[in-house]
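Undergrad: Structure incoming, see below.
The values are calculated or read from the model by the stated rules, or taken from the named source; none is laboratory data. Computed from a predicted structure; not experimentally measured. Don't worry about glycine lacking a Cβ; one is built from the backbone with ideal geometry, like all the others, and counts go over all protein chains shown. For the accessible areas, the whole protein counts, side chains as well, though only heavy atoms, and no ligand, DNA or RNA atoms are used. Shrake-Rupley method; radii C 1.70, N 1.55, O 1.52, S 1.80 Å.
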Amino acid sequence: MNIDKDKFKLTQFIKNNLPIIGFFILMLALHKIMAFVGDDIHYAKILSNQSLSSFLTFRYYEWSSRLIIDCITVILAKENYLIWKILDIILYTLGVYLLIKFINKDNNKYITIIGVSLFLMYPFFDMASAGWIATTLNYLWCFVFAMISFIPLINEINGKKTNVFVYIISILSLIYATNQEQSCLLILGINALYLIYCIIKKQNISRFNVLIVIISALSLTIILTAPGNSKRVIAETARFYAEYVNFGIIEKLYLGTIPTIGILLKDKVLFTVFYIILSASALLKTKNKYLKYLLYFNIILILFLVFFKTLIDITSIPTYLKIGLMHNPIVISVFSTVDSITKSMPLINDTIRLLTYKGLPNAVTAPTVLAVLISIYLILSSCWMIFKTFGKEQLFPLILFIGGFISRLAVGFSPTVFASGSRTALFFYITIITVTLMLIKKLFDENALNKTLEKRITIILVILGLFTYMGVFAIVFVMF
């Protein structure tokens, strides 16, 4: 009897999580073609030349406070690459499963499918920028372990019990996740705000919530006091961005804001989907016709920016990639036309290029000002639309979005703001995926859309997710 019951539970679990299984298979295919690149090659040789303890001592005093992450990185890099691949696939799938499960408590199959599709829209090749092992352990694994660390708190909020083993795993996961600066700030910020909220509302205070705040605060203290971190800033300022030493807070905020929006627009899909769905949801909640005009403008603006960014990318394809069809006279003619269009609109062209600008302008120009205004508008309008859609009683999505943005904004206070590339936007991407999924779940639960429209939205997002995945697969196959 128990065997039949367990078999039924397993069958039901598989049925409810078919999209997650599909995601696992797609990640398996992607990891199969990954090669040993970047800093992984350097880390693979570390333990052949020195002991682990001497390496970690050097890192702490001369380079970084990420001792836990660095320890696991050099061990995995020295071992068979296959071990990291297996662990990375399992952990990434687990992180995706947990995040979707936290939001989709009633196992709505469309929400699960959409959640997986949103994660497929993430430009995963960003995780190769410093080497697959080095980058995933410093960013992707921090996200996964952060999700695991939240399990007891989520269970408490939902009135569920948590066994001792899960508590232990969650605490160990928290220690790992807070070993990275951005992840530590995000975890500390969210949990501290939740603690303050419970105090103000005179709700029961979770002991685990307090424990998270304490551990995160201790981790932040270690980060701020580690001698290696300050020495690294000096070394990397000289190496990557000598002018950085002269920048004040305004310049650093500029460096945190403009490239952040540039990264989101460069990747085109995920932020565009988020912004359009958010604008459309706010439209459903708005009766004021003037506000509706503003929301229509938001949709037009994001499509406009992405369209012209795409034109610029097309006309900027390197010569060595212009093979096959690119030799066709018709194709060359089309590209020449597109090139003429973008060059006839210098303000638009320059503004979009400024969104990925690698340095501060020497003077205030119209394109510079416009780029700043567009970036600020996209962030502030997103905050307003989240508040408008979720209401004052549901501030968590707004806090999450602001927290994700601040985690990327903080990179502007590092001289490696450009050298680190897009990988530092991972946590902001995760918060965007989370808020988007919460938003769609809210729309579906409120029956704001008819069933036919829900299916069509799901199909569109699945297509976008799969196309993005295929693009990522092609880039990884060619470049990594």
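Undergrad: Only residues in the stretch 112-138 that are over 21 Å from TYR97 (Cα atoms) count as the first member; pair them with residues that are aromatic (Phe, Trp, Tyr) and part of a helix (DSSP H, G or I), Cβ under 6 angstrom, at least 6 apart or cross-chain, and list the lot.
TA: That search, which allows pairs on different chains as well, returns ILE133/TRP84.
Undergrad: In this structure, does ALA146 turn out to be within 30 Å of ILE20 (Cβ to Cβ), touching a residue at least 60 places away in the same chain (Cβ under 8 Å) and part of a helix (DSSP H, G or I)?
TA: The answer is no for ALA146.
Undergrad: Right, something else. Quick one: which of ASP106, ASP88, ASP40 is over 20 Å from GLY22 (Cβ atoms), crowded, with 18+ Cβ neighbours inside 10 Å and not hydroxyl-bearing (Ser, Thr, Tyr)?
TA: Being over 20 Å from GLY22 (Cβ atoms), crowded, with 18+ Cβ neighbours inside 10 Å and not hydroxyl-bearing (Ser, Thr, Tyr) holds for just one of ASP106, ASP88, ASP40, which is ASP40.
Undergrad: Further, regarding this structure: Can you run down the residue pairs with Cβ atoms below 7 Å, 6 or more apart or on separate chains, where the first is in the stretch 39-61 and free of Cβ contacts under 8 Å to residues at least 40 places away in the same chain and the partner is of a type in the set (D, E, K, R) and assigned to a helix (DSSP H, G or I)?
TA: The qualifying pairs are ALA44/LYS78; LEU47/LYS78; LEU56/ASP70.
Undergrad: List pairs: first in the stretch 223-236 and farther than 12 Å from ARG66 by Cα, second charged (D, E, K, R) and assigned to a helix (DSSP H, G or I), Cβ under 7 Å, 6+ apart or cross-chain?
TA: Between residues of the stretch 223-236 that are farther than 12 Å from ARG66 by Cα and residues that are charged (D, E, K, R) and assigned to a helix (DSSP H, G or I), the close pairs are LYS231/GLU62.
Undergrad: Here's another thing I want to ask about it. From the list ILE250, ILE222, exactly one residue is surrounded by fewer than 20 Cβ atoms within 10 Å (Cβ to Cβ), modelled with pLDDT of 80 or more and in a helix (DSSP H, G or I). Which is it?
TA: ILE222
To keep it simple, each residue is scored yes or no on (1) open to solvent by less than 20 Å² (accessible area, probe 1.4 Å); (2) touching a Gly at 6+ places or on another chain (Cβ under 6 Å); (3) more than 30 Å from ILE374 (Cα to Cα).
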{"residue": "VAL166", "(1), (2), (3)": "no, no, yes"}
{"residue": "ILE175", "(1), (2), (3)": "no, no, yes"}
{"residue": "ILE196", "(1), (2), (3)": "no, no, yes"}
{"residue": "SER230", "(1), (2), (3)": "no, no, yes"}
{"residue": "ALA235", "(1), (2), (3)": "no, no, yes"}
{"residue": "TYR244", "(1), (2), (3)": "yes, no, no"}
{"residue": "TYR254", "(1), (2), (3)": "no, no, no"}
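Undergrad: Scan SER48, SER64, SER117 and give me the residue that is modelled with pLDDT under 95 and open to solvent by less than 60 Å² (accessible area, probe 1.4 Å).
TA: SER64
Undergrad: Let me ask you something else. Residues of the stretch 43-89 being in a helix (DSSP H, G or I) and within 20 Å of LEU30 (Cβ to Cβ), which ones?
TA: Within the stretch 43-89, LEU76, ALA77, TYR81, LEU82, ILE83, TRP84, LYS85, ILE86, LEU87, ASP88, ILE89 qualify.
Undergrad: Pick out the one residue from ILE175, ILE157, ILE168, ILE199 that is closer than 26 Å to TYR429 by Cα, at pLDDT 90 or above and out of contact with any Pro (no Cβ under 8 Å at 6 or more places or on another chain).
TA: The unique qualifying residue is ILE175.
Undergrad: Contact list please: Cβ distance under 6 Å, first residue in the stretch 203-221 and touching a residue at least 24 places away in the same chain (Cβ under 8 Å), second residue open to solvent by less than 60 Å² (accessible area, probe 1.4 Å) and small (Gly, Ala, Ser), pairs at least six apart or on different chains.
TA: Listed by first residue and then by second, the contacts come to VAL213/ALA192.
Undergrad: I've got another one for you. Just one of (1) closer than 30 Å to THR225 by Cβ; (2) open to solvent by less than 30 Å² (accessible area, probe 1.4 Å); (3) of a type in the set (A, V, I, L, M) trips up MET34, so point out which.
TA: (1)
Undergrad: Report, by residue number, each residue of the stretch 67-85 that is closer than 14 Å to TRP132 by Cβ and open to solvent by less than 50 Å² (accessible area, probe 1.4 Å).
TA: THR73, LEU76, ALA77, TYR81, TRP84, LYS85
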